[in-house]
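Remarks on the structure that follows.
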Amino acid sequence: MPKTKGYEAHAQHYDAWFDKNPDIYQAEIAAIKQLLPSGKGIEIGAGSGRFTQPLEIDTGVEPAEKMREIAQQRGLNVMAGVAEALPVDNDSYDFAIFVTSTCFLDDPQLAYEEAFRVVKKQGAIVIAFLEKNSELGKVYEEHKHNDPLFCDATFYSYAEIESMLKKAGFDHFKSMQTILPESKDHKPTDILVGHDSGAFVVVRADKK
């Protein structure tokens, strides 16, 4: 089963975070948009629809009932289901996207293989995640046991994400990053190419 207990109990708390942190939220959306494919998409682990809506994604899948309810109140098409067994036919979408949901999956490798199944030929996958080796990622890892949402999370590095995507059948990788360390060269919410320093990393890969 997916690690959704915290989201069932704290769905409103999760959803309110985006209103309290608008600069970070908008930077994350902007970073995703840099790599977002065109066409019909599905968000896997759509939560309360905080990314589904601004990214204009057609369909979402979310196992946590309380989160789905919030998304549906926003008028979004978010169905019940888990990433490892998507309730979707083969070759149904132009792209699949996971936004900070990989860390809550029981089996991300299987989830990426399911995404490969439901994406059309010449389709793509987009993974937005918290990089465990970034400065902020290390803080999240250290303190996650005190956080009702992240206590069960398993954070991954870019290398681990890329390895799983390759094994699932994806290639031709591109990446963007934001939520950067303080620097005289850029603001924390700037968006840069690559994945070497930002806490929020977006990777896109194509279906072989």
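The values are calculated or read from the model by the stated rules, or taken from the named source; none is laboratory data. Here the structure is a predicted model, which means the values were calculated and not measured. Because the Cβ atoms are built from the backbone with ideal geometry, glycine has one as well, and the counts that use them run over all protein chains shown. Each accessible area value is taken on the protein alone, full model and side chains, heavy atoms only, with ligands, DNA and RNA left out. Shrake-Rupley method; radii C 1.70, N 1.55, O 1.52, S 1.80 Å.
Estimated at 0.36 nm per residue, the fully extended path between Glu135 and Ala30 surpasses their Cα-Cα distance by 35.7 nm. Treating r as the C-beta distance of His143 and Asp106 and R0 as 30 Å, the FRET efficiency rounds to 0.85. Would you calculate a helix-derived [θ] at 222 nm for the chain, using -39,500 (n - 2.57) for each DSSP H run of n ≥ 4 and dividing by the full residue count, to the nearest 500? Here the helix-only value at 222 nm equals -9500 deg cm²/dmol.
Where (i) 105; (ii) 145; (iii) 114 are the candidate values, the label of the one calculated here for volume of the Cα convex hull per residue in Å³ is (i).
Surface composition of region 57-188: carbon plus sulfur atoms hold 47% of the accessible area, using a 1.4 angstrom probe and ignoring ligands, DNA and RNA. For the chain, the per residue solvent-accessible surface stands at 47 Å², with DNA, RNA and ligands left out and a 1.4 Å probe. Region 140-191 and region 37-68 have Cα centres separated by 19 Å. Hey, for a label at Lys174 modelled as a point 7 Å past Cα toward Cβ, could you say which residues of region 29-44 have their backbone N under 17 Å away? From region 29-44, the list is 29-41.
Remark: the Ser183-Phe18 segment gains 57.0 nm on full extension, using 0.36 nm per residue and subtracting the alpha carbon distance.
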